[in-house]
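K.L.:
Got a structure here, written out as structure tokens. Questions coming.
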Amino acid sequence: MFAKQNWFENKDKNRNVIIRVGLPSMEENSIWFTRTNVDCPQQIPLNIPIVINQFGWYLIIGSCHGVHCIQFSQEGLDSSLLIWNPLIQQFHTISDEARQHCCHVVSLYAFGFLNHSMEYCIVHVYKKHYSDTNMSWSLYSSNDNYWTHSGIAQTQVQKLSPKSIVVDGFVYWIGWNGLNFTDPSVIAVFSL
């Protein structure tokens, strides 16, 4: 009921979208973000609530129900996660689980809300070696407010793309096949 009332209250205010620009077969270093007003064609600064200096960076992991999950660093590789609601200008920082797993070659995140719930989850998957058939994972729950669950999953996936989508409590990692890697396909599924 709250979500419905909030939508009706704010549906005509601050109408802008965040657009992700980049090539589908490339990794995150070829992806940019812009914020655009939908009522008049102008770009608006994204203005994340953390100061990023010349040595810092940020990457939007995902967005769900208007809440953004952003991985950021203010100094090189030492990163954290930011949960940010730009509508109400509130944010929360979370430790980056990748710090616990040094020497990994694959480290990816996905973000989403559970069905019919205000609880969001972040899943971190990683592999220590490209040739591993195991994919390790950790799960952050907003209800528990820390990284709670972890495990190892058997998989034949050699490489995961940073592109994922969360639908109905499942994370689908997207891979690219076909000529010039233009055909999307689901290569891994994880239940939140």
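The values are calculated or read from the model by the stated rules, or taken from the named source; none is laboratory data. On a predicted model such as this, the values are computed, not experimentally measured, just so you know. Cβ: placed from backbone, ideal geometry, glycine included. Neighbour counts: every protein chain shown. With ligands, DNA and RNA removed, areas are computed over all heavy atoms of the protein, side chains included. Shrake-Rupley method; radii C 1.70, N 1.55, O 1.52, S 1.80 Å.
K.L.:
When you check residue 111 against the structure, is it modelled with pLDDT of 90 or more, surrounded by 15 or more Cβ atoms within 10 Å (Cβ to Cβ) and more than 24 Å from residue 191 (Cα to Cα), yes or no?
P.N.:
Values: modelled with pLDDT of 90 or more: yes; surrounded by 15 or more Cβ atoms within 10 Å (Cβ to Cβ): yes; more than 24 Å from residue 191 (Cα to Cα): no.
No, not satisfied.
Yes/no per residue for (1) more than 24 Å from residue 166 (Cα to Cα); (2) hydrophobic (A, V, I, L, M, F, W, C); (3) over 12 Å from the mean Cα position of the chain (by Cα); (4) at pLDDT 85 or above:
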{"site": "48", "(1), (2), (3), (4)": "no, yes, yes, no"}
{"site": "53", "(1), (2), (3), (4)": "yes, no, yes, no"}
{"site": "68", "(1), (2), (3), (4)": "no, no, no, yes"}
{"site": "75", "(1), (2), (3), (4)": "yes, no, yes, no"}
{"site": "80", "(1), (2), (3), (4)": "no, no, yes, yes"}
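K.L.:
Collect the residues in the range 124-152 that are among the basic types (Lys, Arg) and surrounded by fewer than 17 Cβ atoms within 10 Å (Cβ to Cβ), keeping them in residue-number order. Walk me through it before giving the result.
P.N.:
Of all residues in the range 124-152, those among the basic types (Lys, Arg) come to 127-128.
Across the range 124-152, the qualifying residue is only 128.
K.L.:
List the residue pairs whose Cβ atoms are under 9 Å apart, where the first residue sits in the range 134-146 and is closer than 12 Å to residue 114 by Cβ, the second is open to solvent by 70 Å² or more (accessible area, probe 1.4 Å) and not in a strand (DSSP E or B), and the two are 6 or more positions apart or on different chains.
P.N.:
Final answer for the pair search is 142/118; 143/118.
A quick yes/no check of all residues on (1) outside any strand (DSSP E or B); (2) at positive phi; (3) at pLDDT below 70:
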position: 115; (1), (2), (3): yes, no, no
position: 118; (1), (2), (3): yes, no, no
position: 137; (1), (2), (3): no, no, no
position: 148; (1), (2), (3): no, no, no
position: 158; (1), (2), (3): yes, no, yes
position: 166; (1), (2), (3): no, no, no
position: 176; (1), (2), (3): no, no, yes
position: 184; (1), (2), (3): no, no, yes
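K.L.:
Follow-up. If a residue must be more than 21 Å from residue 146 (Cα to Cα) and open to solvent by 40 Å² or more (accessible area, probe 1.4 Å), how many such residues does the range 67-90 contain? Give the derivation first.
P.N.:
As a first pass, look at the range 67-90 and keep what is more than 21 Å from residue 146 (Cα to Cα): 74-77, 86-89.
When the remaining residues are screened for being open to solvent by 40 Å² or more (accessible area, probe 1.4 Å), the result is 74-75, 77, 87-89.
Qualifying residue count, the range 67-90: 6.
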